[in-house]
Amino acid sequence: MTDAEIEAMVPEFNGILGWVEQLAEVDVTGVEPMTAVIPNTLRLRDDVVTDGNIRDKVLANAPAAEHGFFGVPKVIE
């Protein structure tokens, strides 16, 4: 950044620092920290083995299959 650009940012930085100082004055005694405004819980599913070993059925959808894997064009830069 040039010196002129830095000088133009000074009022904005001072405003940000003033806002942070204002936040530091807020009494948060008894307020639990939170990660979001609304309560969130993870929706987890059971980690169970399903009908695996269907590689041939999956590869039937591939435009090109090679050695049991999806075939893709070679990309060389």
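Quick notes
- Looking only at the stretch 1-17, and only at residues there that are at pLDDT 90 or above and of a type in the set (A, V, I, L, M), the one that is farthest from the chain's Cα centre (by Cα): ALA4
Results for (1) under 28 Å from the mean Cα position of the chain (by Cα); (2) charged (D, E, K, R), shown as yes or no for each residue.
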site	(1), (2)
MET34	yes, no
LEU42	yes, no
ASP47	yes, yes
ASP56	no, yes
ALA62	no, no
ALA65	no, no
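- Residue in the stretch 18-31 that is polar (S, T, N, Q) and at pLDDT below 85 present: no
- Criterion: loosely packed, with under 10 Cβ neighbours inside 10 Å and not hydroxyl-bearing (Ser, Thr, Tyr) - qualifying residue of MET1, MET9: MET1
- The residues in the stretch 38-72 that are modelled with pLDDT of 85 or more, of a type in the set (A, V, I, L, M) and either in contact with an Asp or Glu (Cβ under 8 Å, 6 or more places away or on another chain) or assigned to a loop (DSSP other than H, G, I, E, B) (or both) can be counted, and the count is 7.
The values are calculated or read from the model by the stated rules, or taken from the named source; none is laboratory data. Remember, it's a predicted structure, so these values are computed and weren't measured experimentally. Every residue, glycine among them, receives a Cβ derived from its backbone with ideal geometry; neighbour counts consider all protein chains shown.
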